[in-house]
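Presented below is the structure to which this report refers.
What follows is calculated from the coordinates using simple rules that are stated; it is not laboratory data. Since the structure is predicted, the reported quantities are computational estimates derived from the model, not experimental observations. Cβ coordinates were reconstructed from backbone atoms using ideal geometry, including for glycine residues, and neighbour counts include every protein chain displayed.
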Amino acid sequence: MKKTIKDYDLNGKKVIIRCDLNVPIDNGIILDDTRIRSSIKTIRYAINNGASVILLSHLGRVKNVDDKKNNSLYPVSIALSNILKKEVLFSPETRGKELSKMVSELKAGDILLIENTRFEDIIGNKESKCDKRLAKYWASLGDIYINDAYGTCHRNHASVTGIPLYIPSGIGFLVEREINKINGVLDSNTHPFVTILGGKKIDDKIKLIQSLVNISDKLIIGGAMSFTFLKVLGYNIGKSTISEDNFSFCKRLLNEYGEKIILPVDFVCEDGTKEIDEFDDNDIGYDIGPKTVRLFDRVLKDARRVILNGPMGMFEDKKYSDGTRKVFNILGKYKIKTVIGGGDSASAVNNLGFEDMFYHVSTGGGATMKYLEDRKLIGIEVIEDAKK
Ligand code: ADP
Ligand code: 3PG
Ligand code: MG
């Protein structure tokens, strides 16, 4: 058990809260504010308990000076201030005299958002390489460090794993909730437990597939990922996306767990639905077809718990969103306790109108994958243990 924000007397303290405010922004417009809204509970708790709050977050990936233009957290400070109905100060500096001055002037209830921590990556990758001096400097700005950046908890970065080496630390409400919810599905003894995998990043998901197949009663595979398995089984998958590097992994998985693995039997291609044994050399499957949906329905009918990672098709295009939508519908229809993980899967939930339908939709992509693989996250491991 880790210390949480509730284990500290925050009154009169400067509390550094590391959030994951890495939201999609286009030309200064925030396209999805889920992560901002998910950070509010901890921020509000801190100010309601007499703290002044210093917020840290990254945004995007910053490799050079040009990247700074599109990755400023300034629009996020405006969004936060609109949601909280209170001014949120913004420091364009990630360190330096101006920032120190702003911090020294903070009063109880004030909130200051510091510019993108990854601006420190431009010279020497200081944030991403967990530079000790940078971490120590940020730690010096506050009295207590709270990690509520669930989506970033798998990163060994200065603002995540560095700062808590120097000042008292705890986790925030979002991190606590995410872990409790995921454990709520993983540790329950109800069966059948079904894992649904989709999306396209098979290379990144090998370890995840391996650890989930062990504990699942059935493994449903949809999305582009399924083609590598189907190819290994000898089907002509036309020009659909595959990952040749993973043929041997897929072969081994099918040999060892063949009984558990359910693969699509038809797909939606550009010129209509095709059964998997009807593919021409040029066909590309962009979504699972209606027969596959019925097959998945039969498997899910009795399921008690589901983890879903990765959409069933290229849902961003309306023509290919049916498979993902219908699988979400099935999970709702049978009221299955479901955790959805994966950045694109969470967008699919929002874009296709399934908010609030599931037991849990994680705000983490890589972090949730890592947690499902290892049952631990480095950003949480470094936080102080609670007294037993
Ligand atoms: P997540 O972020 O949920 O872990 P991934 O990043 O692995 O998921 O994959 C998501 C992407 O996979 C989506 O952008 C979607 O368009 C794409 N995708 C899913 N199925 C297909 C398919 N059959 N063909 C092409 N792209 C696909
Ligand atoms: C995410 O969006 O998955 C997190 O914010 C982490 O971002 P990163 O993959 O750039 O470290
Ligand atoms: Mg993704």
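Numbers at a glance
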{"item": "Neighbour-count order for Lys68, Lys2, Lys205, Lys388, fewest beta carbons within 10 angstrom listed first", "result": "Lys388, Lys68, Lys2, Lys205"}
{"item": "Three-way shape label, segment 279-356, alpha-carbon gyration tensor, a/c 1.5", "result": "oblate"}
{"item": "Of Glu275, Glu256, Glu120, the one that fluctuates the most in a GNM where the chain has Cα springs shorter than 10 Å", "result": "Glu256"}
{"item": "Of Ile111, Ile30, Ile336, the one that fluctuates the most in a GNM where the chain has Cα springs shorter than 10 Å", "result": "Ile30"}
{"item": "Cβ-based net charge around Lys6, under 14 Å, with every Lys or Arg adding one and every Asp or Glu removing one", "result": "+2"}
{"item": "Sorted by Cβ density within 10 Å, fewest first, the residues Leu165, Leu253", "result": "Leu165, Leu253"}
{"item": "Choice from Asp20, Asp217, Asp356 with maximal GNM fluctuation in the chain (Cα, 10 Å cutoff)", "result": "Asp356"}
{"item": "Charge tally in the Cβ shell below 14 Å around Lys291, where Lys, Arg are +1 and Asp, Glu are -1, Lys291 excluded", "result": "-3"}
{"item": "Cα-based shape type of the chain, given that a ≥ b ≥ c are square roots of the gyration tensor eigenvalues and the cut on a/c is 1.5", "result": "prolate"}
{"item": "Per DSSP, loop trypsin sites (Lys or Arg not before Pro) in segment 238-320 with at most 15 further Cβ within 10 Å", "result": "Lys239, Lys301"}
